[in-house]
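*Asks:* Have a look at the structure that comes next, please.
Read-outs throughout are calculated quantities, based only on the coordinates presented, and are distinct from any laboratory measurement. Note that the coordinates shown come from a computational prediction; the quantities given were computed from them, not determined experimentally. When we count neighbours, we look across all protein chains shown, and the Cβ atoms used for this are built from the backbone with ideal geometry, even at glycine.
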Amino acid sequence: MTANSHDKRVHAPATARNRDPILAVLRRIFPESGRVLEVASGSGEHAAYFAPRLPGLTWQPSDPDPAHCASIAAWADHGNAANLRAPMTLDVLANPWPVTQADAVVCINMIHIAPWDCCLGLLDGAARILGPGGVLYLYGPYRIGGRHTAPSNESFDAWLTDQNPSWGVRDLDRVREEADGRGLKLMETVEMPANNLSVIFRKEGKGGSVISV
């Protein structure tokens, strides 16, 4: 990510490459109205791009890093979308979260750049705040059946673990098992740019307005 001293907006180069493919999936799986919590919003560019293009949804960005929250707020001010809320501080390991209810939870490129406990905390929190039929959307690289899906992902995984041994590309089967134990059922995976996946879970139970996937 990059920024300059006169503008608090941080730029993540990958955002421009993945935002439209992600948006196409979100448009298909989200309801026309409701509340979306974005966990680990990072620079805030995704929130600023998605919110005006999903005008019926209230988009709540969040991040644990004060510098990221400043960037999220700067992007929100720049875009001036009426349905984009100010960022809130959210640590996925906290219980409770500052948001107690949402129709969908979005988390892009977090679980591989964080300890495994953060993935479990994300699943715990999503299970608490989503109602029946609510969607948890994850985006990023995954191993499948213990194997990387591309040499670039294998190299990226090695780089991640070199930066921090607790980081790394997660195995989708393990994420699915943990989600399933929390009442979050894997509904669909979608192949995305740069050997990433959209991974879509839905909270078990009757009711809710989320479109089936």
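*Asks:* Roughly how many nanometres apart are two label points built 7 Å out from the Cα toward the Cβ at Leu93 and Glu32?
*Replies:* Each label point is offset 7 Å from its Cα along the Cβ direction, giving 4.3 nm.
*Asks:* Show that you can apply the helix-only estimate: for the chain, add -39,500 (n - 2.57) for every DSSP H stretch of four or more residues, divide by all residues, and state [θ] at 222 nm to the nearest 500.
*Replies:* -11000 deg cm²/dmol
*Asks:* Quick check on packing: order 101-108, 64-71 by the mean number of other C-beta atoms within 10 Å, highest mean leading.
*Replies:* Ranked from most to least packed, the peptides come out as 101-108, 64-71.
*Asks:* Please figure out what share of the DSSP beta bridges in the chain is antiparallel and state it in percent, rounded to the nearest 5.
*Replies:* Expressed as a percentage, antiparallel bridges in the chain total about 45.
*Asks:* For the chain, build the convex hull from the C-alpha positions and give me its volume per residue in Å³.
*Replies:* Roughly 111 Å³ of hull volume per residue.
*Asks:* Tell me, what HN-Hα J-couplings in whole Hz come from the Karplus equation 6.51 cos²θ - 1.76 cosθ + 1.60 at θ = phi - 60° for each residue of segment 145-154, using x for Gly and Pro?
*Replies:* Values, residue by residue: x, x, 10, 6, 8, 6, x, 5, 5, 5 Hz.
*Asks:* Something else now. Of Val36, Val135, Val99, which is the most mobile in a GNM of the chain whose springs link Cα atoms less than 10 angstrom apart?
*Replies:* Among Val36, Val135, Val99, the largest GNM mean-square fluctuation belongs to Val99.
*Asks:* Cβ under 13 Å from Ser62's Cβ, Ser62 left aside: what net charge do those residues give with Lys, Arg +1 and Asp, Glu -1?
*Replies:* -2
*Asks:* Just tell me the longest site-free run in the chain, where the sites are GluC sites (Glu not before Pro) in a DSSP loop having at most 16 other beta-carbon atoms within 10 Å.
*Replies:* Segment 33-203 is the longest.
*Asks:* Here is a follow-up. Note down, for segment 1-100, the three equivalent ellipsoid semi-axes (square root of 5 times each alpha carbon gyration tensor eigenvalue), biggest first, whole angstrom.
*Replies:* 20, 18, 12
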